[in-house]
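Report on the structure given below.
Computed from the coordinates by the stated procedures, all read-outs in this text should not be read as laboratory data. Just so it is clear, the structure is predicted and the values come from calculations on it, not from any experiment. Please note: Cβ atoms are built from the backbone with ideal geometry, for glycine as well, and neighbour counts cover all protein chains shown.
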Amino acid sequence: MNLILRLALPWTVWLIGFSALYGLQGLTCSRHWPAGIEPRAALIGAAALYVLLQGGILWAQAARPAPSPFAQRVATSLSAAALAAALWTSLPVLGLTICD
Amino acid sequence: MTTRPRGTALRLHRELKRIWSPDPRFRGWLTTNNNNDVGRLFLAVATLFFLIGGVLAMLIRAQLATPGSAFMGPEAYNQVFTMHGTVMMFLFAIPFFEALAVLLLPGMLGTRDLAFPRLGAFGLWVYIFGGSAVIVAMLMGLSPDGGWFMYPPLSSAAFSPGIGADVWLLGITSIEVSAIATAVEIVVTVLRYRAAGMSLSRMPIFAWYILVVAVMILTAFPPMILGSLLLETERAFGLPFFQVENGGDPLLWQHLFWLFGHPEVYIIFLPAAGMIATILPVMARTTLLGYGWVVASAVSLGVLSFGLWVHHMFTTGIPHLGLAFFSAASTLVAVPTSVMIFSWIGTLWKGRVRMELPMLWLLGFFATFVIGGLTGVMIAVVPFNWQVHDTHFVVAHLHYVLIGGYVFPMIAAIYYFQPLITGRFRFFRLGGIAFWLVVPAFHVTFLAVHLAGLLGQRRRIWTYDEGQGWELLNFIASVASFVMAIGFALVVLDIAINTLAGLRGRRNPWQATTLEWAAPIPSPTYGFASIPIIGSRYPLRDDPKLDLRIARGEGYLADTSRDRRETLIVSTAKGEPLQVAVLPMNSPLPILLALCTSASFLAPLIKAYWLSVVALIGVVILALIWAWTTAPRRTEGLVDAGHGRHLPVAAEGADPPGWWGSLFLLVADGVHFGALLFGYAFLWTVAPNWPPPAYLRPDLLPVALALAGAAALAAGPRLAAWREGHGPLLLSLLGCLALAAAAASIPLARPTPTAHAYDATLWLLAGHVGLHVTLSLIMLTYLGLRRLAGHPLRLGEARTFGLWADYTAGTGLVALAAAWLPGAFA
């Protein structure tokens, strides 16, 4: 079961982070967003945290041995792919209009 | 494996056949829970629905063949296209691959049956009852007519009066329950019920794909079920979740629907991809290139598909940044899909391809799916999406993906596995003609539909005027579609004729390397005479005599003296033998439970809410009988599994199959709860008429009751694990009652759920707590009755109840906090 969790973790974190980023974007455009916080700064900060977390997962997967070379290879490649996906899907926060 | 004397195989076959066979009379079809019978029935019914969906498609093309056609009026056309999509997606595509999984998975994994045979039979009957209700409604002219994705406000009571939309919401939801039941069964089977020595890296590739798909079903269907619940309660009782004037928002439906709807496309594609990855290497007489990469791609594609839902909503006025997020995520899908495609092409490259009929259909897949994938990338780009949204271009794209990516590989799979399923080989050669009718006609049809879409023809419009440049394209598409339909009819006819009158032959006709071909042809009800012991990913290639040794009983569990259905449970990662699972015998319980479940879903269609309540009581009683009759009556300790190993019976372990099943069912339940919180947050953040006139302010007593109740409920099962007596169960009971009282305070304080979407949401949060407290109480009743009957509480039972109790306590607290916190801080 631990192995299954290791295989599931990278993309699950990607999905949660991606959804959270989208949710944060919605929140920054809503009536609940506090006036003192710059929306883009918050989004860039959240995206950076998200990418760092995915990087941490990749590092941990590569450093910690799995029960078999197959599991190690698959878990590490999934983590690398999820990190690349997090970078790619976070890029829009750098430039595009947030609420229009 | 140990060696046994000659003649053992036949004796073993006779004894296992006696133990595993269904009742030979007609009632055997109603009481069987064997995967072979359930799978074949599933397959036959799904094929029937495919034919119905196909006839509806022909009606659509007949109507669109000429401008201003009088063949159908708009009312009939709306029903026909809605039912075509609904039948194909919910009644054919998903059940068809589930049928193949039920039928073939135990053989591929080297086990004798699925983990929960009765649950599989229950899923089948719920599907048959729910699907039949939807079709009967159509024949009575009571079909839904708002499109297969049922957007409100069109599907709300104001604009869709009558029961058409209710038929969709209730009928389809019941079928989703069936899908979830089957998914739980598949996940637990793949993780735990395998041949000895079958580590994760030795699993057949289809098992990886279907594992990913089953987890996707568990996580994609709950948002849809929640959406259906919200829309049905709005239609039936006026809870205004989607009514803007009362704090609702129709966009909430689109989010919930596409949270399901987009992964659904991959739920349909991935099993087909699993079949391709299984069949292609055999046809190329080699092994799959890049097994690990394909596994990683399947996992990646499965999860990525959940991050794309908003790309179906690009034209709803979402801000640019949101569009860019989902456009970026949508383009990512091409990466794992390409890894798979290149793996398959590489496999063909390194092998020596034989051009058998399954291979022909796989080539049809390549030619079609790649085009569908490329038009998918086009649609992922926002400006292009805006141009072609709701046009026939999208219709053509989705048919390229679904027919090319699903139907063609599934036909290949049927031809490939026909000897195993029916025991017959192809003799009549209609299949080749059918292929050359279907594939070219498909491309002519949908190329024309693509072009009509690019020229601006809208989908879901019952007719069109002359002079727009669409006439010839539509006429060509319609003629070609009828040729395609004739081709599909020939496929069905070819398979039917060969099933009835094909040649009989020897096992493993394709010289495949995976375990399902080690079984006799057709696969017997018990699957394997003994559980295989394997040492590689390609057991039949590396151990050519394995099939004979399995038949002679030289694997595990060849001893039939215990006179019951047994199979092996192994460790998830390494495939080491851990436990002996005792599977249930034939029973009418699954069909009876399915009857009550379906009645509880469908009775509201005729406003017979009392019948729904009666049926639900029936569900509870039957579920208790089910659990009671499958629980072991005595403690056995270790039993002889063969090869000098003595293993515990699974029900006596700390993690019995029920614990695993509960774990994955709770995953689905957790996603449902998460979707409910998402809906609440969405309305709170985005809906125009928020905040509500007043938030609910929490009182001290309900808060204290909630905290104490949750603590008691969580503590009870933990105490039960190490302490005898009634105390732990009573503590859990008190916890349930306190939590229920806390939840009840919400509707008492806000008695009008129709006033505002906020009030309706509060009722739903309280309902979530109430439902799970009720489930916990039912489990407590069962455990209490078992104690009264003199059965001590087993560790596994306590841990299984503990899972439910923890979930009820945890989500109960979160639900109540979500209800109270806005008021506390307002």
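Remarks
- Mean projected area (nm²) of the alpha-carbon convex hull when chain B is viewed from all directions: 34.1 nm²
- Value of D in µm² per second that Stokes-Einstein yields for segment B:475-574, Kirkwood Rh from Cα pairs, at 25 °C (0.890 mPa s): 145 µm²/s
- Ordering B:Glu234, B:Glu75, B:Glu356 by the number of other Cβ atoms within 10 Å of each residue's own Cβ, fewest first, gives B:Glu75, B:Glu356, B:Glu234.
- Reduced Cα scattering model of segment B:437-518, Debye log10 I(q)/I(0), q = 0.14, 0.15, 0.23, 0.25 Å⁻¹: -0.65, -0.69, -1.05, -1.12
- 10 °C / 1.306 mPa s Stokes-Einstein diffusion coefficient of segment B:97-238, Kirkwood radius on C-alpha pairs, µm²/s: 95 µm²/s
- Positive minus negative residues near A:Ala62 (Lys, Arg vs Asp, Glu; Cβ under 13 Å): +3
- Estimated distance in nm for a label pair at B:Trp628 and B:Met378, the labels positioned 7 Å out from Cα along Cα-to-Cβ: 6.3 nm
- Extent of segment B:691-825 along its three principal axes (Cα atoms, max minus min coordinate, largest first): 55, 24, 19 Å.
- Backbone N under 18 Å from the A:Gln72 label point (7 Å along Cα→Cβ), restricted to segment B:267-295: B:292-293
- Kirkwood Rh and Cα Rg combined as Rg/Rh, the protein assembly as shown: 0.95
- Working from label points 7 Å from Cα in the Cα-to-Cβ sense, the B:Ser69 to B:Asp542 distance is 5.7 nm.
- FRET efficiency, A:Ile37 to A:Asp100 (Cβ-Cβ, R0 25 Å, nearest 0.05): 0.85
- Residue-span extension gain [B:Ala817 to B:Asp563] - 0.36 nm each, minus C-alpha spacing: 86.2 nm
- Gain upon complete extension [B:Ile617, B:Leu788; 0.36 nm per residue less C-alpha separation]: 59.3 nm
- Put a dot 7 Å past the Cα of B:Ala704, heading toward its Cβ, do the same for B:Lys574, and the two dots end up 5.3 nm apart.
- Mean ellipticity per residue at 222 nm, deg cm²/dmol - from DSSP H runs of n ≥ 4 across chain B, formula -39500 (n - 2.57): -22000 deg cm²/dmol
- Overall form of segment B:332-377 per C-alpha gyration tensor (a/c, 1.5; a/b vs b/c): oblate
- More than 25 Å apart - percent of Cα-Cα pairs taken over segment B:403-557: 51 percent
- Potential lengthening between B:Val370 and B:Thr774 on full extension [0.36 nm per residue; Cα-Cα distance subtracted]: 140.5 nm
- Any cysteine of the protein assembly as shown lacking a neighbouring Cys Cβ under 4.7 Å - listed by number: B:Cys596, B:Cys736
- Pairwise alpha-carbon distances in segment B:16-84 exceed 18 Å for 57% of all pairs.
- Residues A:Cys29, B:Cys736, arranged from fewest to most other Cβ atoms within 10 angstrom of their Cβ, appear as A:Cys29, B:Cys736.
- The residues A:Cys99, B:Cys596, when put in order of fewest to most other Cβ atoms within 10 Å, stand as A:Cys99, B:Cys596.
- As a length-normalised measure over Cα pairs under 8 Å and 6 or more apart, the relative contact order of chain B settles at 17 percent.
- Sites B:Leu737 and B:Trp436 - FRET efficiency at Förster radius 51 Å, r taken between beta-carbons, to 0.05: 0.15
- Note on B:Leu677 and B:Ala158: with the Förster distance fixed at 30 Å, the Cβ-Cβ geometry gives a FRET efficiency of about 0.60.
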